[in-house]
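Below you'll find the structure, written out as structure tokens, and then a few comments.
The values are calculated or read from the model by the stated rules, or taken from the named source; none is laboratory data. Please read all numbers here as calculations on a predicted model, not as lab measurements. Quick reminder, even Gly has a Cβ in these numbers, built from the backbone with ideal geometry, and neighbours come from all protein chains shown.
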Amino acid sequence: MPKLNIEMPLVKKCDVQDCGYNTNCNCHAKAITIGDFSNPGCDTYLNIKGHTAETKNIAGVGACKVSACKYNNDYECTAENISVGFSSANINCLTYSS
């Protein structure tokens, strides 16, 4: 299968333990999507136990739909890396900054 290599910010830490992509505070999805235009939520959150079998990969930020974030450039994240966790009761990008 052909592979695509692209540079994107890494998900440095994820505190959402009940996500199927999370093992030991690391996100192992290939890439995540952040936001819904105003809320910097993690759209890739998967509430399922035991999903992640591959733990060598660390997720990158594939897209960010929160145009008000200072790290958003044409719906791509420009932060060096991000953290995901709880902000109140929401699962959000904690690196978000307006």
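Could you tell me whether Ile58 is in contact with a Lys or Arg (Cβ under 9 Å, 6 or more places away or on another chain), part of a loop (DSSP other than H, G, I, E, B) and not hydroxyl-bearing (Ser, Thr, Tyr)?
Details: in contact with a Lys or Arg (Cβ under 9 Å, 6 or more places away or on another chain): yes; part of a loop (DSSP other than H, G, I, E, B): yes; not hydroxyl-bearing (Ser, Thr, Tyr): yes.
For Ile58, the condition - in contact with a Lys or Arg (Cβ under 9 Å, 6 or more places away or on another chain), part of a loop (DSSP other than H, G, I, E, B) and not hydroxyl-bearing (Ser, Thr, Tyr) - is met.
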Query raised in the report: Out of curiosity, is Phe86 modelled with pLDDT under 95 and aromatic (Phe, Trp, Tyr)?
Result: no
Query - Search result, residues across segment 52-77 that are within 19 Å of Lys13 (Cβ to Cβ) and exposed (fewer than 14 other Cβ atoms within 10 Å of the Cβ) - result: Glu54, Thr55, Lys56
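If you take the residues in segment 1-42 that are among the charged types (D, E, K, R) and touching a Lys or Arg at 6+ places or on another chain (Cβ under 8 Å), which one is modelled with the lowest pLDDT?
At the first step, the residues of segment 1-42 found to be among the charged types (D, E, K, R) are 3, 7, 12-13, 15, 18, 30, 36.
Then drop every residue that is not touching a Lys or Arg at 6+ places or on another chain (Cβ under 8 Å), which leaves 18, 36.
Values: Asp18: 93, Asp36: 89.
Out of the qualifying residues, it is Asp36.
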**Report entry** Close pairs from segment 74-95: first touching a residue at least 60 places away in the same chain (Cβ under 8 Å), partner of a type in the set (Lys, Arg), Cβ under 8 Å, at least 6 apart
**Finding:** Asn81/Lys12; Ile82/Lys12; Ser83/Lys12; Ser83/Lys13; Val84/Lys13; Gly85/Lys13
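Taking the condition of being part of a loop (DSSP other than H, G, I, E, B) and hydrophobic (A, V, I, L, M, F, W, C), how many residues in segment 11-53 meet it? Walk me through how you get there before you give the answer.
Within segment 11-53, the first condition is being part of a loop (DSSP other than H, G, I, E, B), and the residues that meet it are 15-18, 20-21, 24-25, 28-30, 35-40, 43-46, 48-53.
Adding the requirement that they be hydrophobic (A, V, I, L, M, F, W, C) leaves 16, 25, 29, 37, 46, 48, 53.
Count: 7.
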